[in-house]
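These notes are about the structure you will find just below.
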Amino acid sequence: MIKASICTIGDEILIGQIVDTNSSEISRALGSLGIRVTRMVSIADDHQAIIQSLTRELETNDIVISTGGLGPTKDDITKAALAEMSGSTHYVEHPGQLAKVYEILHARGLDVLDINRAQALVPDTCEVIVNQFGTAPIMVFRFPESRFGHPAVLYSMPGVPFETTNALPDVMEDIRRHHRLTAIYHRNVMTYGMAESALAKKIESWEDSLPEDMHLAYLPNPLTGVRLRLSIYGGAEEEEKSRTEAEIDRLKAILGDVIYADGDDTLEHALGAILKAHGKTLSAAESCTGGEISHLITTVPGSSSYYLGSVTSYAVPVKVKVLGVPQETIDRCGVVSSEVAAAMAEGVRKLTGSDYAVATTGLAGPGGGDGVNPEGTVWVAVATPKATLTKKYQYHNDRKRNIQRFAASALHFLLTAVKSDLSI
């Protein structure tokens, strides 16, 4: 199994000024080749720190990919560090990258300055992959076994995410040409409604019985639940697929409806696929979620074919005048109640003419308590052609996270109700 490390260079990442998106893009690309990423490291803009950190990563990995520190300004010092690290004696001008520098700057109506030309200068110890989308080249340093105890290669890429993403195919092709690749097989299932700890306890015996070369990962997300990923590193892909499917079948027998999607999916996408396949429509009435459910539903391409719209009935008068919730029900039961949630769902279903409707009413906090329900309480209602169902959830997070959890819980409850109504 080929191992790789990803290194980002730049103080702007360490101080939180920018978000590192390059590492995830590179990791996905390496994973598609069957290369296992062992570490992600951020390195300060310091000459010795760059040399020491990259040396350490090359000692334990076959491939190291670094990004950043290759611009035209004086604070971009990566090239000098790599030159020293690789034993370079002088720089050479790469004609292909120089031509690209002229092309890009002239297309922008800019003059080519000496500092721009200098970007085409590279240590004599490296190979160059021309950066088709920027002025800094991708430098490739190949180290013999005598240096680190094994053959190792370092790819130095620009830090601009657009350039990194677009240059990745060329880097991956270079890796294909120089390495014997094996497969990594990942198999995902999506779960919701069970905490990670409870989930781990429920499938403990199954997990303990997995073959030694199978690895299980728990990947929780407040909007999608816990993704379970079963991985095998190395081997033949068809054999890996057959073996993992057998284990997933055993897992499904244990978890049942806790698994809401087969594969790497989201609640809103799984729901949308069912509605679209059966020609059904949906609407929403949101109070405490303030449009979050509608936002999630409409992130799915093609959702206009089944999602009719929503009413964000944050204030009581909107619940009464638009959705038709009886004032007497609000006075008797309170705004945050099963009865009001049900009336909201039925009201928006009637208003839009949809097959299904979902509604939320609750207390996201902080403050605004009603003296009955604690902060973090939400009532969810789903109106179907046959019945109206309600369910209460309670969470203990900040306002933003509570709203996210409310919306996700509502989508899961809706998905469950729709599947039951359609006998899926």
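The values are calculated or read from the model by the stated rules, or taken from the named source; none is laboratory data. This is a predicted model, so every value here is computed, not measured. With ideal geometry, Cβ positions are generated from the backbone for all residues, glycine too; neighbour counts draw on all protein chains shown.
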- Task: Just name the residue that is farthest from Ser287 (Cα to Cα) out of those in the range 375-391 that are in a loop (DSSP other than H, G, I, E, B) and small (Gly, Ala, Ser).
- Result: Ala387
- Message: Among (1) crowded, with 18+ Cβ neighbours inside 10 Å; (2) within 32 Å of the chain's Cα centre (by Cα); (3) acidic (Asp, Glu), there is one condition Asp398 misses while meeting the rest; what is its number?
- Response: (1)
- Filter the range 106-130 for residues that are assigned to a loop (DSSP other than H, G, I, E, B) and at pLDDT 95 or above; the one that is farthest from Arg147 (Cα to Cα) is Val130
- Message: Whether any residue in the range 37-59 is in contact (Cβ under 8 Å) with a residue 40 or more places away in the chain, basic (Lys, Arg), closer than 24 Å to Tyr185 by Cβ and not in a helix (DSSP H, G or I) is what I want to check.
- Response: no
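Just for helices (runs of 4 or more DSSP H) wholly inside the range 194-255: which have at least 2 residues that are among the acidic types (Asp, Glu) and either touching a residue at least 40 places away in the same chain (Cβ under 8 Å) or more than 30 Å from Leu296 (Cα to Cα) (or both)?
Values: elements: 196-202, 204-208, 237-255.
The qualifying helices (runs of 4 or more DSSP H) are 204-208, 237-255.
I need the full set of residues from the range 138-151 which are among the small types (Gly, Ala, Ser) and either outside any loop (DSSP other than H, G, I, E, B) or surrounded by 15 or more Cβ atoms within 10 Å (Cβ to Cβ) (or both), in order please. Please lay out each step first, then the result.
Pass one, the range 138-151, residues among the small types (Gly, Ala, Ser): 146, 149.
Residue satisfying the conditions is Ser146 alone.
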- Message: With the requirement that a residue be at pLDDT 95 or above, small (Gly, Ala, Ser) and either within 19 Å of the chain's Cα centre (by Cα) or loosely packed, with under 15 Cβ neighbours inside 10 Å (or both), what does the range 30-60 give you?
- Response: Ala49
- Note on the structure: Among the residues of the range 61-105, the number that are more than 33 Å from the chain's Cα centre (by Cα), in a loop (DSSP other than H, G, I, E, B) and either farther than 20 Å from Val171 by Cβ or not assigned by TED's automatic domain parsing to the domain that holds Pro151 (or both) is 5
- Out of Ile77, Ile63, which single residue is touching a residue at least 24 places away in the same chain (Cβ under 8 Å) and crowded, with 20+ Cβ neighbours inside 10 Å? Ile63
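Residues in the range 15-29 that are surrounded by 15 or more Cβ atoms within 10 Å (Cβ to Cβ) and polar (S, T, N, Q): how many? Give the steps one after another, and end with the answer.
From the range 15-29, those surrounded by 15 or more Cβ atoms within 10 Å (Cβ to Cβ) are 20, 22-23, 25-27, 29; that's our starting set.
Going one step further and asking which of them are polar (S, T, N, Q), we end up with 22-23, 27.
Residues that pass the stated criteria total 3.
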- Taking Val128, is it aliphatic (A, V, I, L, M), in contact with a Pro (Cβ under 7 Å, 6 or more places away or on another chain) and over 28 Å from Met1 (Cβ atoms)? yes
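Could you check the range 327-366 and list, in sequence order, the residues that are over 16 Å from Trp379 (Cβ atoms) and modelled with pLDDT of 95 or more? Give the derivation first.
Initial filter on the range 327-366 (over 16 Å from Trp379 (Cβ atoms)): 327-328, 331, 349-356, 366.
Passing the criteria: Gln327, Glu328, Asp331, Arg349, Lys350, Leu351, Thr352, Gly353, Ser354, Asp355, Tyr356.
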- Task: Name the single residue, out of those in the range 152-186 being buried (at least 20 other Cβ atoms within 10 Å of the Cβ), within 18 Å of Arg28 (Cα to Cα) and in contact with a Lys or Arg (Cβ under 7 Å, 6 or more places away or on another chain), that is modelled with the highest pLDDT.
- Result: Tyr185
